[in-house]
1. Tell me the volume per residue, in Å³, of the convex hull enclosing the alpha carbons of the range 11-64.
2. Give me the orientation-averaged projected area of the Cα convex hull of the range 109-154, in nm², one decimal.
3. How do Glu122, Glu161, Glu166 stack up against each other in accessible area, from largest to smallest, with a 1.4 angstrom probe?
4. Taking amide hydrogens as modeled 1.01 Å from N in the peptide plane, which residues meet the under 5 Å criterion relative to Leu43, leaving out close sequence neighbours?
5. Please work out how much length the chain gains when fully extended from Phe154 to Arg36, using 0.36 nm per residue of separation minus the C-alpha to C-alpha distance, in nm with one decimal.
6. For the chain, what does the helix formula give at 222 nm: sum of -39500 (n - 2.57) over DSSP H segments with n ≥ 4, over the residue count, nearest 500 deg cm²/dmol?
7. In Å², and per residue, what accessible area does the chain have when probed at 1.4 Å with the other protein chains present?
8. Run the paramagnetic zone check for Thr86: 7 angstrom along Cα to Cβ, then residues of the range 126-151 with backbone nitrogen under 11 Å.
Amino acid sequence: MGSLPAHLDRMRAHPQIAGRVLRLEYTSMALNPNGRLFGKRSLLEHFSPAAPASHEVLDAFQRELDCPWAIYEVRRILPVSKTDPTVRAPALRSVARLTFGTASQTGRHLIKVSDKNDVPVEIDSEYGSVRAWLRRRGQGFPTVEHFLVAAPFFVKDKQQERFEREWAAHRGLGRPAFASPV
């Protein structure tokens, strides 16, 4: 992380590019809360609204978020290695875009559906992302997680070829977070 201060200075010097980078990381973290681009803190956490030097970057980020948004279904399998049960194997993922609209439309819709089905939600009140947990990751491995999230529209549907077969084999793992399915 020795180059992080220099990277942050470059971002401040080029706020329009910085805004796109922050949107990219924000979207990544919406689909995977561990999806930070640099270390344990997100890039966004390095730009304080109280710091005048951060204003142009944060304004550019806000403009980047003024784009179409979507609700995505995200399913993730965290399996164990077939050769060593103490080691986690690479994750298998499925991302599917369900619907689209503005940030406020997708967020409100996801909250409404979640409330109706007693599904817990996490709301980023500052920037708009809403996540509804259908199944939270369990302790240890293998485990699964399943959620719906409102985030910028730029993510394409993606799923490994064997995902559905693996999902069927693993989906009983993890902690259910709902009384009835959405």
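1. Taking only Cα atoms, the range 11-64 has a hull volume of 70 Å³ per residue.
2. Details: hull surface 16.9 nm².
If you wrap the Cα atoms of the range 109-154 in a convex hull and average its projections, you get 4.2 nm².
3. Working: Glu122 65, Glu161 190, Glu166 35 Å².
From most accessible down to least: Glu161, Glu122, Glu166.
4. Amide H neighbours of Leu43: Leu37, Phe38.
5. Values: separation 118, 0.36 × 118 = 42.48 nm, distance 1.70 nm.
40.8 nm is the gain from fully extending Phe154 to Arg36.
6. Values: 5 runs with 60 residues, N = 182.
Mean residue ellipticity, 222 nm, calculated: -10000 deg cm²/dmol.
7. On the way: 10340 Å² over 182 residues.
With all protein chains present, the chain gives 57 Å² per residue.
8. What the label zone holds, given the 11 Å backbone N cut-off, is no residue at all.
The values are calculated or read from the model by the stated rules, or taken from the named source; none is laboratory data. Predicted model, so just to flag it, every value in this text is computed and none were measured. Counting neighbours? That spans all protein chains shown, and the Cβs are built from the backbone with ideal geometry, glycine included. Calculation scope for accessible area: heavy atoms of the full protein, side chains included, ligands and nucleic acids excluded. Shrake-Rupley method; radii C 1.70, N 1.55, O 1.52, S 1.80 Å.
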